[in-house]
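Asker: This structure is in structure tokens; I'll ask about it shortly.
The values are calculated or read from the model by the stated rules, or taken from the named source; none is laboratory data. Being a predicted model, the structure only gives us computed values, none of them experimental. Backbone-built Cβ (ideal geometry, glycine too); neighbour counts: all protein chains shown. Please note that ligands, DNA and RNA were not included when accessible areas were found on the heavy atoms of the full protein model with its side chains. Shrake-Rupley method; radii C 1.70, N 1.55, O 1.52, S 1.80 Å.
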Amino acid sequence: QVQLVESGGGLVQPGGSLRLSCAASGSIFNSNTMGWYRQAPGKERELVALKSTAGFTNYADSVKGRFTISRGNAKNTVYLQMNNLKPEDTAVYYCNAKQSSGTYWGQGTQVTVSS
């Protein structure tokens, strides 16, 4: 099993920045993909960004140029630097990990962008 713990959410004004962190524990493999999804009230969960241990990276069009995903050297961490935040970025952000043993989710962290 794999456990994911997120941190770094909060309230920020439009144009501000936040950095989300996620650490995986348990049976995390050297080859995996970790990333971030978000779910706003009344909407479906959507991909924000993901990055594999092999270096493959994918971003949602809505965050390209504003968000940056990175991985830690230990292969069990993922970060999301969010700049120039907009009210439409308000959502619960979930850490996600995929490997050959399955797909795992964190509990989520709230990000609210409001003046």
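Let's see how each residue does on (1) closer than 20 Å to Ala23 by Cα; (2) in contact with a Ser or Thr (Cβ under 6 Å, 6 or more places away or on another chain):
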{"site": "Glu46", "(1), (2)": "no, no"}
{"site": "Ala49", "(1), (2)": "yes, no"}
{"site": "Thr53", "(1), (2)": "yes, yes"}
{"site": "Ser70", "(1), (2)": "yes, no"}
{"site": "Asn73", "(1), (2)": "yes, no"}
{"site": "Asn76", "(1), (2)": "yes, no"}
{"site": "Asn84", "(1), (2)": "no, no"}
{"site": "Pro87", "(1), (2)": "no, no"}
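Asker: Restricting to the range 68-115, what's the tally of residues that are among the charged types (D, E, K, R), farther than 23 Å from Ser27 by Cα and outside any loop (DSSP other than H, G, I, E, B)?
Answerer: 2
Asker: If you go through the range 82-100 one residue at a time, how many are within 13 Å of Val12 (Cβ to Cβ), open to solvent by 10 Å² or more (accessible area, probe 1.4 Å) and in contact (Cβ under 8 Å) with a residue 60 or more places away in the chain?
Answerer: Result for the range 82-100: 4.
Asker: Oh, and also: Which one of these is free of Cβ contacts under 8 Å to residues at least 12 places away in the same chain, polar (S, T, N, Q) and either surrounded by fewer than 17 Cβ atoms within 10 Å (Cβ to Cβ) or on the phi < 0 side of the Ramachandran plot (or both): Thr103, Thr53, Thr57, Thr68?
Answerer: When all the criteria are applied, what remains is Thr103.
Asker: Among (1) exposed (fewer than 15 other Cβ atoms within 10 Å of the Cβ); (2) within 17 Å of Val111 (Cβ to Cβ), which single condition is Ala74 missing?
Answerer: Against the list (1) exposed (fewer than 15 other Cβ atoms within 10 Å of the Cβ); (2) within 17 Å of Val111 (Cβ to Cβ), Ala74 comes up short only on (2).
Asker: Additional query: Before we move on, is Ala40 more than 19 Å from Thr103 (Cα to Cα), small (Gly, Ala, Ser), in contact with a strand residue (DSSP E or B) (Cβ under 7 Å, 6 or more places away or on another chain) and surrounded by 13 or more Cβ atoms within 10 Å (Cβ to Cβ)?
Answerer: It is true that Ala40 is more than 19 Å from Thr103 (Cα to Cα), small (Gly, Ala, Ser), in contact with a strand residue (DSSP E or B) (Cβ under 7 Å, 6 or more places away or on another chain) and surrounded by 13 or more Cβ atoms within 10 Å (Cβ to Cβ).
Asker: Which members of the range 19-36 meet the condition of being surrounded by 21 or more Cβ atoms within 10 Å (Cβ to Cβ) and in contact with a Leu (Cβ under 8 Å, 6 or more places away or on another chain)?
Answerer: The answer is Leu20, Cys22, Ala24, Met34, Gly35, Trp36.
Asker: Tell me, yes or no, whether the range 15-23 has at least one residue that is of a type outside the set (Ser, Thr, Tyr) and closer than 15 Å to Tyr104 by Cα.
Answerer: Checking the range 15-23: at least one residue is of a type outside the set (Ser, Thr, Tyr) and closer than 15 Å to Tyr104 by Cα.
Asker: Tally time: how many residues in the range 19-35 are among the polar types (S, T, N, Q) and part of a strand (DSSP E or B)?
Answerer: Final tally of qualifying residues: 3.
Asker: Go through (1) open to solvent by 20 Å² or more (accessible area, probe 1.4 Å); (2) aliphatic (A, V, I, L, M); (3) modelled with pLDDT under 95 and name the single condition Val2 misses.
Answerer: Checking Val2 against (1) open to solvent by 20 Å² or more (accessible area, probe 1.4 Å); (2) aliphatic (A, V, I, L, M); (3) modelled with pLDDT under 95, the one that fails is (1).
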